[in-house]
Amino acid sequence: MRVRKAVIPAAGLGTRFLPATKSTPKEMLPLVDKPGIQYVVEEVVRAGITDILIVTGRSKKTLEDHFDRSPELEASLERSGKQAAAKQMRAIAEMADVHFVRQHEPRGLGHAVGMAQHHVGDEPFVVLLPDDLMAEDSTLLSDMLDAHERTGTSVVALKQFGPDEISAYGVVAPAGPVGAGGVVPVADMVEKPKAADAPSDLAIMGRYLLTPAIFEFIANLTPGAGGELQLTDAMRALARVEGFHGLVFDGGRFDTGNKLDWLRATVEVALRHPDLGAAFRAVLTDIVRREGIV
């Protein structure tokens with residue numbers, strides 16, 4: 001079945017970014033001139049999916065406002081002769097059919113994805129974590145859709161990491177070698193293993209394509225790592241009864257999961273910005289030279 005729906009879990013408290021996230025959702029923190037959540041929605045739309053469910057929590061109303069029309073702002077921009085800006089504001093609301101559901105308590109990623117069952121129904125769907133942003137020229141999500149069409153199974157994005165980083169992620173145990181297009185069969189997976197216990201160097205990134213059977217296993221989850229309902233545990237159970245694949249990719253990913261990564265992502269996005277890239281590169285070069293870094 002063709003994948004028509006996407007789920008974006010965005011209910012986290014963003015505590016690593018306090019005090020900025022005390023009253024502003026972390027997903028609304030900007031990278032240059034757009035909030036992080038908009039980059040993720042645009043990625044979904046580029047892959048041909050326009051039915052999107054965002055799972056939110058308390059104090060996340062600004063996410064709904066951002067993807068809604070703002071007639072007063074649009075009219076003000078048009079009166080000021082800023083037609084292009086007004087058109088851009090309308091485009092944010094019109095690029096996709098965005099729905100919202102609230103996760104009343106933070107019980108983990110597995111629980112957040114389970115909140116989407118009523119909306120998704122009996123269809124495969126994609127899940128995108130807003131901490132992982134992909135470059136505009138990335139084909140990862142489209143490649144995952146193609147892999148699903150070929151295999152008929154769930155597909156997760158995988159990236160290689162060394163032993164000093166691997167324990168920060170869910171890690172898969174491949175059932176065979178990496179094949180054409182970076183597709184690899186998955187036998188098992190474990191959430192945040194110690195480096196010595198990691199079954200491979202392939203870590204699960206924040207892009208998932210899941211069959212609707214995942215909801216049965218989410219419903220039966222018990223608290224796992226961190227005392228939360230882990231999506232990895234549900235996927236592990238699913239992999240035992242259905243075929244399961246990963247898609248290995250490299251590059252084009254910006255991590256915004258902590259302050260340092262968010263700063264790096266901001267620099268990377270700024271360097272690629274069509275209007276600001278060249279000027280920002282010059283500014284960055286000047287700063288590097290002034291600080292004596294090179």
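The values are calculated or read from the model by the stated rules, or taken from the named source; none is laboratory data. Note that the structure is a prediction, hence the values are computed from the model and not measured. Backbone-built Cβ (ideal geometry, glycine too); neighbour counts: all protein chains shown.
Matching residues to (1) loosely packed, with under 14 Cβ neighbours inside 10 Å; (2) closer than 18 Å to ALA168 by Cα:
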residue: VAL184; (1), (2): no, no
residue: VAL190; (1), (2): no, yes
residue: ALA196; (1), (2): yes, yes
residue: PRO199; (1), (2): no, yes
residue: ARG207; (1), (2): no, yes
residue: THR211; (1), (2): no, no
residue: ALA225; (1), (2): no, yes
residue: ASP233; (1), (2): no, yes
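Only one of the numbered conditions (1) surrounded by fewer than 16 Cβ atoms within 10 Å (Cβ to Cβ); (2) free of Cβ contacts under 8 Å to residues at least 24 places away in the same chain is violated by ALA86, and that is (1). Of the residues in the stretch 34-43, not one is surrounded by 13 or more Cβ atoms within 10 Å (Cβ to Cβ), touching a strand residue (DSSP E or B) at 6+ places or on another chain (Cβ under 9 Å) and not in a helix (DSSP H, G or I). Restricting the search to the stretch 158-195, which residues are acidic (Asp, Glu) and modelled with pLDDT of 90 or more? Passing the criteria: ASP164, GLU165, ASP188.
Filtering ALA157, ALA112, ALA168 for residues that are of a type in the set (Gly, Ala, Ser), touching a strand residue (DSSP E or B) at 6+ places or on another chain (Cβ under 9 Å) and over 19 Å from ALA237 (Cα atoms) leaves a single hit, ALA168. Restrict the check to the stretch 52-72 and report whether at least one residue is among the charged types (D, E, K, R), surrounded by 13 or more Cβ atoms within 10 Å (Cβ to Cβ) and modelled with pLDDT of 95 or more. The answer is no; no qualifying residue exists. When each of ASP143, ASP122, ASP137 is tested for being buried (at least 16 other Cβ atoms within 10 Å of the Cβ), among the acidic types (Asp, Glu) and over 25 Å from THR24 (Cβ atoms), the lone residue that passes is ASP143.
Residues considered: VAL127, VAL113. Of these, the only one that is in contact with a Gly (Cβ under 9 Å, 6 or more places away or on another chain), in contact (Cβ under 8 Å) with a residue 60 or more places away in the chain and buried (at least 17 other Cβ atoms within 10 Å of the Cβ) is VAL127. Being buried (at least 18 other Cβ atoms within 10 Å of the Cβ) and either in a loop (DSSP other than H, G, I, E, B) or at pLDDT below 95 (or both) is a description that applies to ALA11.
Here SER23 fulfils each of the conditions (1) over 30 Å from ALA213 (Cβ atoms); (2) in contact (Cβ under 8 Å) with a residue 40 or more places away in the chain apart from (2).
Of all residues in the stretch 15-33, exactly one satisfies the criterion of being part of a loop (DSSP other than H, G, I, E, B) and crowded, with 19+ Cβ neighbours inside 10 Å, namely PRO25.
Test ALA187 against the criterion of being closer than 19 Å to ARG2 by Cβ, more than 18 Å from the chain's Cα centre (by Cα) and not in a loop (DSSP other than H, G, I, E, B), and give yes or no. No: the conditions fail for ALA187.
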